[in-house]
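No lab work stands behind these numbers, since they all come straight from the coordinates. Predicted model only: the values in this text are computed from it and were never measured. Because the Cβ atoms are built from the backbone with ideal geometry, glycine has one as well, and the counts that use them run over all protein chains shown.
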Amino acid sequence: MRIGELASRVGTTTRTLRYYETRGLLPARRDPQGHRAYDEGDVRLLQQIRTLRDFGFELEETRPFVECLRAGHPEGDSCPASLAVYRRKLAELDALIGELGAVREKVAGQLARAEEAMDALAAGKGDPECELGGREWSST
């Protein structure tokens with residue numbers, strides 16, 4: 001198949017496919033007329049790349065999966081190098097989840113303090129204070 005058909009089948013652009021070709025992720029085969037030529041194996045490669053990219057993998061992180069498929073394995077993640085990428089990605093995600101959890105706790109604490117302050121103001125207790133703990137500025 002030609003590049004336009006391949007792009008259509010995998011839901012991407014011809015520009016993206018050319019870029020993948022320059023990065024060595026997609027083979028650069030030509031037919032007798034000099035047009036790029038692709039087959040079902042290329043569809044599988046691109047589906048693997050797309051799935052990983054949808055999961056948040058960087059393009060270069062897809063390389064071991066592509067190489068695994070090219071080596072004839074039935075799945076791109078059935079090689080040790082692919083498993084190593086999964087492990088690194090999980091560690092990265094775990095770290096991000098931890099960071100987000102800490103930020104969430106801070107935001108939840110700030111919200112609780114702000115709600116308490118609003119409740120106190122509504123009840124007529126205390127003077128309005130700004131977010132940084134100082135008194136609200138007044139021109140009187």
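For the chain, set up a GNM with springs between Cα atoms under 10 Å and report which of Glu58, Glu92, Glu116 has the largest fluctuation.
Between Glu58, Glu92, Glu116, it is Glu116 that shows the largest mean-square fluctuation.
Read phi for every residue in the range 63-75 and hand back ³J(HN,Hα) as whole Hz from Karplus 6.51 cos²θ - 1.76 cosθ + 1.60, θ = phi - 60°, with x for Gly and Pro.
These are the phi-based 3J(HN,Hα) values: 3, x, 5, 5, 4, 5, 5, 4, 6, x, 6, x, 10 Hz.
Full extension from Asp119 to Glu75: what is 0.36 nm times the residue separation minus their Cα-Cα distance, to one decimal in nm?
10.0 nm
Give the residue list of trypsin sites (Lys or Arg not before Pro) in the range 1-38 that are DSSP loop and have at most 14 other beta-carbon atoms within 10 angstrom.
Those satisfying the criteria are Arg2, Arg23, Arg29.
Would you grab the residues whose amide H sits under 5 Å from the one on Ala37? Only those 5+ places off in sequence or on another chain, please, with H modelled 1.01 Å from N.
Placed amide hydrogens put Arg29, Arg30, Asp31 under 5 Å from Ala37.
Rounded to the nearest whole Å³, what is the per residue volume of the convex hull around the Cα atoms of the chain?
Spelled out: Cα convex hull of the chain, divided by residues, is 196 Å³.
Can you run phi through the Karplus equation (6.51, -1.76, 1.60; θ = phi - 60°) for the range 90-101 and list ³J(HN,Hα) in whole Hz, with x for Gly and Pro?
My calculation for the range 90-101 gives 5, 4, 5, 5, 4, 5, 5, 4, x, 5, 5, x Hz in order.
How many angstrom lie between the Cα centre of the range 106-122 and the Cα centre of the range 28-101?
Centre-to-centre (Cα) distance: 46 Å.
How large is the helix-only mean residue ellipticity at 222 nm for the chain, computed as the sum of -39500 (n - 2.57) over DSSP H runs with n ≥ 4, divided by its residue count, in deg cm²/dmol to the nearest 500?
Theoretical 222 nm ellipticity from helices: -20000 deg cm²/dmol.
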